[in-house]
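Visitor: Can you read through this structure? Questions will come right after.
The values are calculated or read from the model by the stated rules, or taken from the named source; none is laboratory data. Given the structure is predicted, the values throughout are model-derived calculations rather than measurements. Methodologically, a virtual Cβ is constructed for each residue, glycine included, from the backbone with ideal geometry; neighbour enumeration extends over all protein chains shown. The accessibility values were calculated without ligands, DNA or RNA, using every heavy atom of the protein model including side chains. Shrake-Rupley method; radii C 1.70, N 1.55, O 1.52, S 1.80 Å.
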Amino acid sequence: MVKSYKPKRLEEALQIIKNEDCILFAGGTDLMVNRKIYFDDKNSDKKVLFLSSIEELKDISSDSNYIEIGSMTTLCSVEKNNLIPEALREAAKSMASPSIRNIATIGGNICNASPAGDTLPYLYAAQATLVLESIEGSREVYIGDFIKGPRKKDIKKHEILTKIKIPLKEYDIWEFRKVGTRKSTALSKLSFTGLAKKKDGILEDIRLSFGAVGPTVVRCRDYENKIIEIGKDIKIPEIIDMYSSIITPIDDQRSTAYYRKEVALSLLSNFLLKL
Amino acid sequence: MENKIKFILNGEEVEVLCSPVKRLLDVLRDDFNLSGAKEGCGKGECGACSVLIDGKLINSCLYPAQMAEGKEVLTIEGLKKSRIFEILSESFIDAGAVQCGFCTPGMIMASYALLRKNPNPTEEDIREGLSGNLCRCTGYNMIIEAVKMAAKRGEGLW
């Protein structure tokens, strides 16, 4: 039988996981689907720590440098909060269905570390960092370094992802596109996020990321810098060629490698046309 | 380990002794004999198990019993006692929005969750509000029609 904890304060939760191995339960929309694997009742030492009663993990705030989103913020709150950048709100809105978004959390989406997690491409592009806390202290890590592969992440047993920090930056051109089988309750075949800033006709910044076309989100800062360097004279086919070498999707039940790559590159090309 | 979990079910305080990760859907059906919420997919994709928790639409197949502790759970059986249900039910009948009926309790709960937040929804709002609920008979247009009808008939009630 499963033993559970439902602390009301973060400190209490950190104390519990310092001493005991627990499955951290955020919204549970992925865990419950696979509950037979995670909560096999024959396995008597399974422990679950519910994070849903910890109000301090549900804050959204901003100062002049960052927007901070509590890890237990639901996708519904991400979608509706004006402090949150539009591209991320758009990503949240594209996910699952209203009833799932009412309980699924941004922290859960990150820690699930699925290549098709739809909040991830934006967070990579925006250079978001994650705050991981344990009873001994806290550390910050860039999301791209946190996620190591499908379902693999850099988190220790006694740590909890508490906050997502997004550097505040204005992008005048942005796009989030998700391609799924249908509009609602569909997992991504692929997704694209583009952010760009132009000043007086000159490209100052560009961030390009792709979801579900590799084991982790694809983003290449070298290529982005190259595009900024070339500036006005960018030739779209050359950029497409560059990205073609790093977009290496697979065939699976949701789509084919060929389709994913073609569409990802088309979305990129479409975004570059807007610059 | 079985936990004693207390919550408010359709307006009444109740208590259940079960595993903390038992699905709320199973608690409702097995422990309280409330069979309005149904299991379609068991993965949060079909909405047949929809109920409201603290006024928000959720899929009871994805919701662990422990998380319901201290919360207000409303199922179709609880809604049935209200004038709101009559309006929704009559509108669904009049619009021809019910065929086999398996999805209907979930559709009604999703419609109610939408209308209490947004009493004058546009067609797009309705489609979005019901986007987590599948129906394999009617083809949706009649259901959308029913919600529009209910919104009008229940003006001031939501």
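Visitor: Specify the residue with the greatest mean-square fluctuation among A:G180, A:G201, A:G117, computed from a Gaussian network of chain A linking alpha-carbon atoms under 10 Å apart.
Guide: Among A:G180, A:G201, A:G117, the largest GNM mean-square fluctuation belongs to A:G201.
Visitor: Residue-wise, which Karplus ³J(HN,Hα) couplings in Hz belong to segment A:188-201, taking 6.51 cos²θ - 1.76 cosθ + 1.60, θ = phi - 60°, and x for glycine or proline?
Guide: Residue by residue, segment A:188-201 yields 5, 6, 6, 9, 9, 10, x, 10, 8, 10, 10, 10, 6, x Hz.
Visitor: Sticking with this structure for a sec: Averaged per residue, what accessible surface does segment A:173-272 expose to a 1.4 Å probe, in Å²?
Guide: I get 50 Å² per residue for segment A:173-272.
Visitor: Right, here's the next one. Within the protein assembly as shown, what whole-number % of the accessible surface is contributed by carbon and sulfur, with the 1.4 Å probe and all protein chains included in the calculation? Before the final figure, lay out the partial values.
Guide: Numbers: 9300 of 19700 Å².
Here it works out to 47 percent.
Visitor: Here's a follow-up. Quick one: grab the alpha carbon gyration tensor of the protein assembly as shown, order the square roots of its eigenvalues as a ≥ b ≥ c, and give me rounded if a/c is under 1.5, else prolate or oblate depending on whether a/b is larger than b/c. Walk me through the numbers on the way to the answer.
Guide: Values: a/c = 2.02, a/b = 1.35, b/c = 1.49.
In terms of gyration-tensor shape, oblate.
Visitor: Then there's this: Between chains A and B, what is the buried accessible area in Å², counting both sides, with a 1.4 Å probe and ligands, DNA and RNA left out, to the nearest 100?
Guide: 2400 Å²
Visitor: Which of the residues in segment B:26-49 lose at least 20 Å² of accessible area when you go from the chain alone to all protein chains together (probe 1.4 Å)?
Guide: By number: B:K43, B:G44, B:E45.
Visitor: Another question, then. Quick one: angle between helix B:141-153 and the longest Cα principal axis of chain B, in degrees between 0 and 90, rounded to 10, please.
Guide: Its long axis makes an angle of about 90 degrees.
Visitor: Once both labels are modelled 7 Å past Cα along the beta-carbon direction, what's the B:K117-A:I23 spacing in nm?
Guide: 2.8 nm
Visitor: Let me ask you something else. Helix A:10-19 sits at what angle to the longest principal axis of chain A, using alpha carbons and giving 0 to 90 degrees rounded to 10?
Guide: 70 degrees
Visitor: Given a 1.4 Å probe, how much area per residue of segment A:4-167 is accessible, in Å²?
Guide: Details: 6800 Å² over 164 residues.
I get 41 Å² per residue for this part.
Visitor: Most mobile of A:R139, A:R219, A:R260 per a Gaussian network model of chain A (Cα springs, under 10 Å)?
Guide: Answer for the Gaussian network model of chain A: A:R139.
Visitor: Ok, one more. If you fit an axis through the alpha-carbon atoms of helix B:104-117 and take the longest principal axis of the Cα set of chain B, what angle between them do you get, 0 to 90°, nearest 10?
Guide: For helix B:104-117, the angle is close to 80 degrees.
Visitor: Sticking with this one: Under a plain spin-label model, where a point goes 7 Å from the Cα along Cα-to-Cβ, how far apart in nm are B:F32 and A:M242?
Guide: Between B:F32 and A:M242, the simple spin-label model gives 5.8 nm.
Visitor: So, one more: Considering chain B as a Gaussian network with a 10 Å cut-off on Cα pairs, which listed residue, B:L52, B:L25, B:L34, attains the greatest mean-square fluctuation?
Guide: Result: B:L34 has the largest fluctuation of those listed.
Visitor: Follow-up. Please list the non-local residues whose amide H lies under 5 Å from the amide H of A:S62, H modeled 1.01 Å from N, same-chain partners needing a gap of 5 or more.
Guide: So A:S62 has HN proximity to A:E68.
Visitor: Per residue, what accessible area does chain B have, given a 1.4 Å probe and all protein chains present, in Å²?
Guide: Counting only protein heavy atoms, the per-residue value for chain B is 44 Å².
Visitor: Quick query: amide H of A:K148 versus all other amide H atoms, modeled in the peptide plane; which residues come in under 5 Å with a sequence gap of 5 or more or a different chain?
Guide: Under 5 Å from the amide H of A:K148 lie the amide H atoms of A:K153, A:D154, each far enough along the sequence or on another chain.
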